[in-house]
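Right, one structure below, let's go through it.
The values are calculated or read from the model by the stated rules, or taken from the named source; none is laboratory data. Note that the coordinates shown come from a computational prediction; the quantities given were computed from them, not determined experimentally. Glycine gets a Cβ as well: all are built from the backbone with ideal geometry, and neighbour counts include every protein chain shown. Side chains included, ligands, DNA and RNA excluded: accessible areas come from the protein's heavy atoms. Shrake-Rupley method; radii C 1.70, N 1.55, O 1.52, S 1.80 Å.
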Amino acid sequence: MNIERLLQEALGSGQAPRQDRGQGGSTLPGGLAGGAAAGGLVALLLGSKKARKLGGKALTYGGMAAVGGLAYKAWRDWQQNRPSGTEADPLHLPPPPAESGFDMAQERDSAGQDFRLAVLRAMILAAKSDGHIDGEEHRRIRDRIEALGLGAEEKAALFDSFAAPADPADAARPARTDAQRAELYLASALAVDPDTPDERRYLDDLARHLALPEGLRGHLDLEAGAARRQAGE
């Protein structure tokens with residue numbers, strides 16, 4: 001599976017991947033690794049109510065790198081008993097250290113797959129937690145996926161994610177480390193603005209299934225809230 005292409009198409013970075021010389025893999029030049037994630041299929045999924053959140057500015061400043069940076073900041077604050085969500089520029093935090101476990105491009109999930117796919121799936125499931133997707137929206141999503149020209153594996157992965165019920169246990173299952181648990185929760189918290197009982201209940205259940213260390217969730221929520229506030233400016 002070409003995970004870079006799948007993530008690029010799903011989050012709509014609008015840029016073609018390039019091949020790293022001597023590495024045999026692909027990276028996104030300013031895409032999920034460090035540029036704009038403009039929304040793409042995820043914005044289509046969210047519809048008008050939420051496109052401004054996940055598909056809008058909250059992730060446009062760094063895509064998956066923003067998730068990793070926010071989760072790592074929350075983790076360090078929790079470890080050192082420092083306040084979270086108080087930085088002036090939460091959407092431009094430094095990238096996590098390569099050996100921290102928060103560098104998602106280097107991480108594998110519990111099934112040995114690229115962890116970024118699990119994060120994308122977690123965001124999709126969280127975005128669906130208020131149950132607002134109707135039949136017409138499902139049809140448009142399917143048509144959009146069909147038009148992307150993805151390979152069979154990539155297409156199947158996206159269809160599975162969009163068709164799956166908003167199950168927090170499913171979202172939590174790929175986590176292999178505490179760092180991954182923090183990132184899955186943080187990504188899910190960014191995918192919603194928990195202003196409905198369904199969304200709040202979903203995040204509560206997700207935190208329970210992830211078995212986050214005591215006190216960490218509060219720091220993750222504060223970082224997600226700071227990112228949303230900055231995105232709304």
Can you find a residue that is assigned to a helix (DSSP H, G or I), open to solvent by less than 30 Å² (accessible area, probe 1.4 Å) and at pLDDT below 75 anywhere in the range 107-123? no
For the subset of the range 63-99 comprising residues that are hydroxyl-bearing (Ser, Thr, Tyr) and surrounded by 15 or more Cβ atoms within 10 Å (Cβ to Cβ), which member is farthest from GLU223 (Cα to Cα)? TYR72
For LEU150, all conditions in the list (1) of a type in the set (A, V, I, L, M); (2) part of a helix (DSSP H, G or I); (3) open to solvent by 10 Å² or more (accessible area, probe 1.4 Å) hold save one; what is the number of the exception? (2)
Residue in the range 157-174 that is over 23 Å from GLU87 (Cα atoms), open to solvent by 40 Å² or more (accessible area, probe 1.4 Å) and part of a helix (DSSP H, G or I) present: yes
Quick check on ARG176: is it over 21 Å from ASP89 (Cβ atoms) and in contact with a strand residue (DSSP E or B) (Cβ under 8 Å, 6 or more places away or on another chain)? yes
Of everything in the range 189-206, what is touching an Asp or Glu at 6+ places or on another chain (Cβ under 8 Å) and in a loop (DSSP other than H, G, I, E, B)? Give them in sequence order. VAL192, ASP193, THR196
For the range 200-233, name all the residues that are closer than 25 Å to ASP109 by Cβ, surrounded by fewer than 22 Cβ atoms within 10 Å (Cβ to Cβ) and of a type in the set (Asp, Glu). ASP204, ASP205, GLU214, ASP221
Residue under question is LEU186, and the condition is that it be assigned to a helix (DSSP H, G or I), aliphatic (A, V, I, L, M) and crowded, with 22+ Cβ neighbours inside 10 Å; does it hold? yes
Lone qualifier among THR177, THR196 - being more than 23 Å from GLY225 (Cβ to Cβ) and open to solvent by 20 Å² or more (accessible area, probe 1.4 Å): THR177
